[in-house]
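Beneath this line is the structure, given in structure tokens, with notes to follow.
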Amino acid sequence: MLTAVCSTFPHTRVSGPEPSPPSRFADCSRLCTWCAFLSHKLLLGQQYYSPLRALSPSSLPNTTTSSPTPTQPPRNKAHKKSKRKMAVLKVKFTKNKRDKLAQVLWVLNWVSVVTGIILFGLGLFLKVEINKRRELMSDREIHSVPNMLIAVGLIACGINFLGGKICYDCVDTTKFLRWKLLMLPYIICTFFFTFCILVGALMCYTMRNELEESLFLGLRDAMRYYKDTDMPGRCFLKRTVDMLQIQFQCCGNGGFRDWFQIQWISNRYLDMSRREVVDRLRSNVEGKYLMDGVPFSCCNIYSPRPCIQYQITNNSAHFNYDYQTEELNLWRQGCRQALLEYYTQIMQSIGLTVLIIWLFELSVLTGVRYLQTAMENVLRQGDPDSESDGWLLENSFVETARTNFNIIKNLGKCNQIDTTNNGDPNIDVPSTAHYGPDNVLPKQIPVVS
């Protein structure tokens, strides 16, 4: 081959004067050296990129140099290296580490099933506690928190049961193939599920205002219907309010003075023959019997003095009594505040438990993501015993967010119709109809009427 190249090279025409025979011999020598250099590179298995103009005599390597200079790396390879994206939190896994990770995640998923049962139990407990005193609350969205905890608990049992099965099969590469297409949708659904757990935990802390408003309206209506013991549907409210004030050691909605503004004694038990009763009814615009008294359930059982529940603000009606200076033998705290503190304590405890469960579920989800990426990289390499990389995100957070944003932005474009051609989307589509052997539109035969 070298002889053929040398024999053809002297006949190559170059610009300038005709070279002398000694110069042609030098050119041929340099070409032989260059061909030997190329043969050496090909034997070493290196791919050499060189433009065709390198075969000109002016670009041949100089024979006086001791060794040829190494070639520079191709620009396209360096360009690819510069554009290579770094994975987020990349970890290298061996075969042993992958197996141990799959086994640990299998155990943790079964623990997560137990946490799902705990979430279900907490939601059920909160719902029962609210239903115990539903007569004292208005019909507001206060059941959203227990309902969400119950739903999240049931979903947690199903998702983590499936996750345990997937992690158990990930020990074997052949079994992982059946879950390969399901792994990414499973991780996405689990991510939104853990987000719902976080929302449930935050709702336990933000429910206080709604609960306070519901208690205010519910207690106001319950005190208003306290006297309606003979009316169906309201006859139980007197007992409910009395038991509430005794158990929680409270009185009224916001305090004992709330009873002064409503008629809590039924007209059936008022002696209309007494002038005092009639005058009190007539003195009120709405015809209500109002007085400065409270029900017996407002009395403080720890007070050494007998309960004073009537004419509370009348000092002359009682011996050695001053309602402004002496501590009253009534419960000072309002029932709204007492119930609010009771439910707030329950919801804060539940919220802390749900928050801990959320952190645990998030750690399990992180481990499943590492296992998924590590197993997929093993399948790409083709060697089940080789090392593989696992990561949380293949690209950076910014690149991932930008890619997802572009996907969401282009979702609606696939259903849009180009209206530039009078709304016809097929105006530029070539017809594929075959009219005959010559693809000529057949002539229409006019119909003779």
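The values are calculated or read from the model by the stated rules, or taken from the named source; none is laboratory data. Model, not experiment: these values are computed from the prediction. Because the Cβ atoms are built from the backbone with ideal geometry, glycine has one as well, and the counts that use them run over all protein chains shown.
Restricting to the stretch 177-210, and then to whatever is in contact (Cβ under 8 Å) with a residue 60 or more places away in the chain and over 25 Å from Gly116 (Cβ atoms), can you tell me which residue is farthest from the chain's Cα centre (by Cα)?
Only one residue tops the list, namely Leu177.
With the requirement that a residue be under 23 Å from Gly382 (Cβ atoms) and without any contact (Cβ under 8 Å) to a residue 40 or more places away in the chain, what does the stretch 150-176 give you?
Asp169, Asp172, Thr174, Lys175
Find the residue count for the stretch 312-344, including only residues that are modelled with pLDDT under 85, surrounded by 15 or more Cβ atoms within 10 Å (Cβ to Cβ) and of a type in the set (A, V, I, L, M).
So the answer is 1.
Scanning for something outside any loop (DSSP other than H, G, I, E, B), more than 25 Å from Ile130 (Cβ to Cβ), at pLDDT below 90 and not hydroxyl-bearing (Ser, Thr, Tyr), does the stretch 243-261 turn up at least one residue? Spell out how you get there, then give the answer.
Taking the stretch 243-261 first, the residues outside any loop (DSSP other than H, G, I, E, B) are 243-247, 256-261.
Subset that is more than 25 Å from Ile130 (Cβ to Cβ): 256-257, 259-261.
Next cut, at pLDDT below 90 only: none.
For the stretch 243-261, residues outside any loop (DSSP other than H, G, I, E, B), more than 25 Å from Ile130 (Cβ to Cβ), at pLDDT below 90 and not hydroxyl-bearing (Ser, Thr, Tyr): absent.
Only one of these conditions is not met by Leu371: (1) buried (at least 22 other Cβ atoms within 10 Å of the Cβ); (2) farther than 14 Å from Ile187 by Cα; (3) more than 19 Å from the chain's Cα centre (by Cα). Which number is it?
Failed condition: (2).
Identify, from the list Thr229, Thr190, Thr174, the residue that is over 25 Å from Gly121 (Cβ atoms) and in a helix (DSSP H, G or I).
Numbers: Thr229 fails: in a helix (DSSP H, G or I); Thr190 fails: over 25 Å from Gly121 (Cβ atoms).
Selected residue: Thr174, the only one of Thr229, Thr190, Thr174 that is over 25 Å from Gly121 (Cβ atoms) and in a helix (DSSP H, G or I).
Test Ile130 against the stated conditions and say whether it is surrounded by 14 or more Cβ atoms within 10 Å (Cβ to Cβ), within 30 Å of Ala338 (Cα to Cα) and touching a residue at least 12 places away in the same chain (Cβ under 8 Å). Outline the logic, then answer.
Working: surrounded by 14 or more Cβ atoms within 10 Å (Cβ to Cβ): yes; within 30 Å of Ala338 (Cα to Cα): yes; touching a residue at least 12 places away in the same chain (Cβ under 8 Å): yes.
Taking the combined requirement at face value, the residue satisfies it.
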